[in-house]
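Can you read through this structure? Questions will come right after.
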Amino acid sequence: MGVGIAVTNLNAWYGTNHTLQDINLNIPANHATALIGPSGCGKSTFVRCLNRMHETNPIARVTGSVRIGDLDIYEDAKPVQIRRRVGMVFQRPNPFPTMSIYDNVASGLKLNGYSNRRVLDEIVERSLKNSALWDEVKDDLKKKSGASLSGGQQQRLCIARALAVDPEVLLMDEPASALDPVSTSKIEDLIFQLKSQYTIVIVTHNMQQAARVAEKTGFFLNGRLVEFDSTHKIFTNPSDKRTEDYITGRFG
Amino acid sequence: MSTTTSDFRSRMRAVTDDAVTMLAILATLLVIAPLVAIFGYLLYRGASSVNLDFFTKIPKPPGEAGGGMANAILGSGVVLAVASLIGVPIGIGGGIFLAEFGRGTKLANTIRFTADVLNGVPSIVMGMAIYLLIVSPRHSFIPFSGHFSAFAGGVALGIMMIPTVCRTTEEMLLMVPHAVREAALGLGIPNWRSVLSITVKTASPGIITGCMLAFARIAGETAPLIFTALGNAYMSASLDKPIETLPFQIYIFALSPYEDWHRLAWAGSLVLIVLIVMAVSLVRWVTSRGVLKGNT
């Protein structure tokens with residue numbers, strides 16, 4: 001079962017640039033939540049605060065609280081522990097280029113010291129099935145490099161890699177923006193299936209995509225969360241004028 | 001009129017294209033010409049003296065025909081092994097520190113500058129420094145110190161390897177895409193583990209090339225060995241004793257007044273180059289096996 005995320009008074013900076021200002025929202029467990037907004041509005045920074053990737057940049061700073069289940073991720077745990085519970089899929093597929101398909105999926109476990117071969121085999125198979133890639137790669141698991149797959153397959157490989165460490169939350173930062181329409185629809189189908197088991201947060205520039213996969217949608221603008229509501233409400237009857245202007249294409 | 005202008009332009013483009021291509025081909029020929037010339041001349045002068053005796057016998061006194069350079073070939077192997085055992089781990093470790101852990105710190109900048117200066121130290125000075133540090137004085141904490149030895153020769157050459165290995169390792173690590181590092185961090189892999197198992201592994205083809213360059217460079221060094229390995233007319237593989245090496249023996253024989261020794265020097269030069277090429281090819285072949293399909 002996934003857990004919900006409670007964000008309270010979250011502020012983030014890059015150097016002197018105040019990129020996130022007083023964000024408050026509750027992301028529901030076992031649903032997909034979409035974050036939309038124009039480029040540079042802070043939505044990527046926001047998801048990177050949810051697994052403490054934001055602070056890997058030396059000039060970055062965060063205040064406020066983020067609770068995942070009972071855990072305050074900035075108070076109660078180390079970043080590496082958080083990142084094992086909160087998986088991330090990036091904008092561009094980034095498989096480890098020197099590793100086989102199998103090793104890519106197993107990397108999160110292997111490099112954290114896990115080595116039981118039989119269990120690893122099972123987890124790799126289950127993760128690749130969950131990411132709908134198993135049938136396409138099962139014959140070349142250890143022969144082919146992760147980098148030899150097509151872009152769409154690479155992204156599903158990255159999803160499998162994130163799932164293999166058994167996270168509760170899956171963050172996806174524009175996971176389909178570098179992919180063609182067929183691969184995009186595969187990723188969307190996947191999000192649909194995965195959200196019963198995981199809490200999913202997906203950043204997207206594609207508003208149709210948000211409408212297709214997410215129950216809840218948040219609209220970011222200039223570092224602030226303008227509106228957060230059910231996807232249906234955001235796209236049919238938003239409360240804020242700026243949200244309406246954005247989704248009807250008047251700017252952004 | 002516009003048609004003729006565009007005809008003229010497109011013809012000019014084709015001519016420029018051909019000219020630049022020809023210049024590039026010419027430059028390439030100039031790059032490989034010296035190597036071909038040297039190798040050809042060595043074959044011409046040395047090939048006739050390369051025989052089984054050359055690889056199995058030690059040199060004969062002047063005036064006696066025959067003899068070989070077995071002791072120098074073995075000695076070069078020993079000294080280069082010691083040098084690589086010192087230069088490769090320290091160089092790679094330093095490069096990892098510069099690129100990953102110390103990036104932007106004052107310490108890293110100092111080390112980088114020092115490595116660049118060390119790279120420019122003349123090799124004869126390196127030999128003298130090692131002579132003054134471990135050949136002349138005896139230290140209880142440094143093995144084989146206090147006299148000329150294969151070990152001292154290996155140390156001198158090993159230190160000469162460090163800056164090249166260190167700087168190429170750093171450059172290669174910095175070329176690993178940021179996305180690959182982020183992927184590892186995003187999986188909750190600790191930074192040190194991600195550096196060793198992912199970043200270094202991704203950069204390993206370039207790091208290996210750097211090590212081979214450093215190896216090929218020191219394999220032909222003579223000057224640092226004059227004050228350290230000294231030379232040895234007999235067969236020896238002991239780290240504790242003076243040892244013969246190919247470049248050093250070539251130097252001695254080429255300067256001698258004896259025709260037989262000149263022939264051996266030519267043969268030695270040829271064998272040295274072939275051995276270096278073989279060592280580099282072997283490492284490339286071994287490390288390229290196990291590379292997966294689809295990798296470049």
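Fewest Cβ neighbours within 10 Å first, please rank B:251, B:41 accordingly.
Details: B:251 18, B:41 13.
Ranking B:251, B:41 by Cβ neighbours within 10 Å, fewest first, gives B:41, B:251.
In addition: Give the cross-link partners of residue A:241 among the lysines, using a straight C-alpha distance below 24 Å as the criterion and excluding same-chain residues fewer than 8 apart.
The qualifying lysines are A:43, A:216, A:233.
Quick one: among B:174, B:230, B:80, which has the greatest mean-square fluctuation in a GNM of chain B with alpha-carbon springs under 10 angstrom?
Of B:174, B:230, B:80, the most mobile in the Gaussian network model is B:174.
Most exposed first by the Cβ proxy, i.e. fewest other Cβ within 10 Å, how do A:195, B:60 rank?
With the fewest neighbours first, A:195, B:60 line up as B:60, A:195.
Neighbouring Cβ atoms within 10 Å as the yardstick, rank B:182, A:215, A:174 fewest first.
Neighbour counts put them in this order, fewest first: A:215, B:182, A:174.
Around residue A:214, what is the net charge, scoring Lys/Arg as +1 and Asp/Glu as -1 over all other residues with Cβ under 15 Å from its Cβ?
My count for the surroundings of residue A:214 gives -2.
Each residue of the range B:42-59 in turn: what ³J(HN,Hα) in whole Hz from Karplus with 6.51, -1.76, 1.60 and θ = phi - 60°, glycine and Pro shown as x?
5, 4, 4, 8, x, 4, 5, 9, 7, 9, 4, 4, 4, 8, 10, 10, 8, x
Which residue, B:208, B:96, B:198, tops the fluctuation ranking in a GNM of chain B built on C-alpha contacts under 10 Å?
Largest GNM mean-square fluctuation: B:198.
Taking the Cβ of residue B:207 as the center, what net charge do the other residues with Cβ under 12 Å away carry, scoring Lys and Arg +1 and Asp and Glu -1? Don't jump to the answer; show the numbers that get you there.
Working: positive: B:167, B:201; negative: B:170, B:171.
Taking every other residue near residue B:207 into account, the sum is 0.
Can you list residues from other chains, or at least 5 along the same chain, whose modelled amide H is less than 5 Å from the amide H of residue A:221?
For residue A:221, the qualifying residues are A:226.
Now for a separate question. Reachable lysines from residue B:57, Cα under 17 Å, same-chain residues fewer than 8 places away excluded?
The reachable lysines, counting only those whose Cα sits under 17 Å from residue B:57, number zero.
Could you grab the relative contact order for chain B? Cα pairs under 8 Å, six or more apart, rounded to a whole percent.
Relative contact order here is 25 percent.
Compute the signed sum of charges (Lys and Arg +1, Asp and Glu -1) over the other residues within less than 11 Å, Cβ to Cβ, of residue A:162.
+3
Calculate for the protein assembly as shown the 222 nm mean residue ellipticity that helices alone would give, adding -39,500 (n - 2.57) per DSSP H run of length 4 or more and normalising by residue count, nearest 500 deg cm²/dmol.
-17000 deg cm²/dmol
I've got another one for you. Considering only DSSP beta bridges with both partners in the protein assembly as shown, what is the antiparallel share in %, to the nearest 5?
Of the beta bridges lying entirely in the protein assembly as shown, close to 55 percent run antiparallel.
Still on this structure, I have one more. For chain B, set up a Gaussian network in which alpha carbons nearer than 10 Å are linked by springs, and say which option among B:242, B:224, B:205 fluctuates the most.
B:205
Could you give P(r) for the protein assembly as shown, binned at 20 Å from zero, as whole percent values over all Cα-Cα pairs?
18, 36, 28, 16, 3, 0
For chain A, what does the convex hull of the Cα positions come to per residue, in cubic angstrom?
124 Å³
Now for a separate question. Binned at 10 Å from 0, what are the whole-percent values of the Cα-Cα distance distribution for the range B:185-224, short to long?
26, 31, 21, 16, 5, 1
Each value in this text was obtained by applying a stated rule to the coordinates, not by laboratory testing. None of the values given here were measured: they were computed from a predicted structure. Backbone-built Cβ (ideal geometry, glycine too); neighbour counts: all protein chains shown.
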